[in-house]
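Student: One structure follows; several queries about it will come next.
The values are calculated or read from the model by the stated rules, or taken from the named source; none is laboratory data. Just so you know, these numbers come straight off a predicted model, no measurement behind them. When we count neighbours, we look across all protein chains shown, and the Cβ atoms used for this are built from the backbone with ideal geometry, even at glycine. Just so you know, the surface numbers come from the protein's heavy atoms only, side chains and all, with ligands and any DNA or RNA stripped out. Shrake-Rupley method; radii C 1.70, N 1.55, O 1.52, S 1.80 Å.
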Amino acid sequence: MNGYGFRHVARMEWIKLRSVRSTWWLTTATMVSMAAAGAGVGLGYRSHTPVATAAQILNNSLGGAVLAQLLLGALGVLMVTGEYGTGQIRSTFAAVPRRLTVLAAKAVVCGGAALAVGLVGSFAGYLGGQLAIRGTAIPVASLGDPAILRAVLLTGVYLAATALIGVGIGTVVRHSGAAIGTLFGLMFVPMIVIGLFGENGIAVGRFVPLLMLLNSVAVTSPIPGLFAGWISVLLMCGYAAVAILCGGVLLRFRDA
């Protein structure tokens, strides 16, 4: 039992993840919300004057990521806190005493699943918007355009990073409700505070997740003063790494 390698532990975590009902609810809700947002934006622009640009349609079609980030973040949280809530975490650590191996396996499995769901959701948002504007004078946002494809792909990666942040927060907090509340606060409160400073807040705001998503990642052209989309996504991955590192440190020294 104590000789489980990483691959075996990751396989066990994958079985746990897909056996929990909340996983299917959250992942389905993620893809549906992204697709619905894209379609809603496209329908709204059909009669818009002046005629929308391809960039406008694309940028707004990916707006469902605002909700999707919370859904996948909650998935990451529950990947950890679900076991604490049921007490199953004690059995997990009894089978695999190397707690950091367990955490790493959870992060890899959750991150991989969230990346797949995030990318599918991102493309669903894009397609929803494009299908809704068919037959109008609005230009098509072609995936052959590097700027369009980059925004769609980076949005999916951003969502996966949010799920990993959830894994880290869940490991630190260990209580589902409190961890999800913390995630919500970290995503939205800084955006509100930065907004109080207007344009003067850009220097700090470019490090804020939601501002990065809406104005740097899920757009064809970032707002002046913000990081390029790929830099913003790297920052999100850095936040995820820090959250998981903090969780790992606490995991080693706290009782289960």
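Student: In this structure, is residue 156 small (Gly, Ala, Ser), open to solvent by less than 40 Å² (accessible area, probe 1.4 Å) and assigned to a helix (DSSP H, G or I)?
Tutor: Taking the combined requirement at face value, the residue satisfies it.
Student: Taking residue 187 as meeting all but one of (1) open to solvent by 30 Å² or more (accessible area, probe 1.4 Å); (2) in contact with a helix residue (DSSP H, G or I) (Cβ under 7 Å, 6 or more places away or on another chain); (3) of a type outside the set (Gly, Ala, Ser); (4) under 22 Å from residue 241 (Cβ atoms), write down the number of the exception.
Tutor: Answer for residue 187: the failing condition is (1).
Student: Within segment 29-63, take every residue that is of a type in the set (S, T, N, Q) and part of a loop (DSSP other than H, G, I, E, B) and give me the one that is surrounded by the fewest Cβ atoms within 10 Å (Cβ to Cβ).
Tutor: Across segment 29-63, the extreme among qualifying residues is 49.
Student: Something else now. Which residue out of 18, 7, 11 is within 19 Å of the chain's Cα centre (by Cα), open to solvent by 70 Å² or more (accessible area, probe 1.4 Å) and of a type in the set (D, E, K, R)?
Tutor: Within the list 18, 7, 11, the selection yields 18.
Student: Exactly one condition in (1) in contact with a Ser or Thr (Cβ under 8 Å, 6 or more places away or on another chain); (2) farther than 22 Å from residue 53 by Cβ; (3) without any contact (Cβ under 8 Å) to a residue 40 or more places away in the chain; (4) open to solvent by less than 20 Å² (accessible area, probe 1.4 Å) is false for residue 227; which is it?
Tutor: (4)
Student: Going by what's in this entry, would residue 164 be described as within 30 Å of residue 82 (Cα to Cα) and free of Cβ contacts under 8 Å to residues at least 40 places away in the same chain?
Tutor: Taking the combined requirement at face value, the residue does not satisfy it.
Student: Among the residues of segment 163-180, write down those that are part of a helix (DSSP H, G or I) and either open to solvent by 10 Å² or more (accessible area, probe 1.4 Å) or of a type in the set (Val, Ile, Thr) (or both).
Tutor: Of everything in segment 163-180, those that are part of a helix (DSSP H, G or I) and either open to solvent by 10 Å² or more (accessible area, probe 1.4 Å) or of a type in the set (Val, Ile, Thr) (or both) turn out to be 164, 165, 167, 169, 171, 172, 173, 176, 177, 178, 180.
Student: Can I ask one more? Run down 117, 96, 51 and say which single residue is under 28 Å from residue 185 (Cβ atoms) and in contact (Cβ under 8 Å) with a residue 24 or more places away in the chain.
Tutor: 117
Student: Another question, then. When only residues in segment 175-222 that are of a type in the set (S, T, N, Q) and within 30 Å of residue 89 (Cα to Cα) count, which is nearest to the chain's Cα centre (by Cα)?
Tutor: Selected residue: 182.
Student: Go through segment 231-255 and report how many residues are at pLDDT below 95 and within 18 Å of the chain's Cα centre (by Cα).
Tutor: 0
Residue by residue, here is whether (1) outside any helix (DSSP H, G or I); (2) open to solvent by 10 Å² or more (accessible area, probe 1.4 Å); (3) out of contact with any Gly (no Cβ under 9 Å at 6 or more places or on another chain) holds:
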{"position": "77", "(1), (2), (3)": "no, no, no"}
{"position": "81", "(1), (2), (3)": "no, no, no"}
{"position": "84", "(1), (2), (3)": "no, yes, no"}
{"position": "91", "(1), (2), (3)": "no, yes, yes"}
{"position": "97", "(1), (2), (3)": "yes, yes, yes"}
{"position": "102", "(1), (2), (3)": "no, no, yes"}
{"position": "106", "(1), (2), (3)": "no, no, no"}
{"position": "113", "(1), (2), (3)": "no, yes, yes"}
{"position": "120", "(1), (2), (3)": "no, yes, no"}
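Student: As an exercise: evaluate residue 187 against (1) touching a Ser or Thr at 6+ places or on another chain (Cβ under 9 Å); (2) at pLDDT 95 or above; (3) within 13 Å of residue 68 (Cβ to Cβ) and give the number of the one condition it does not meet.
Tutor: Single failed check for residue 187: (2).
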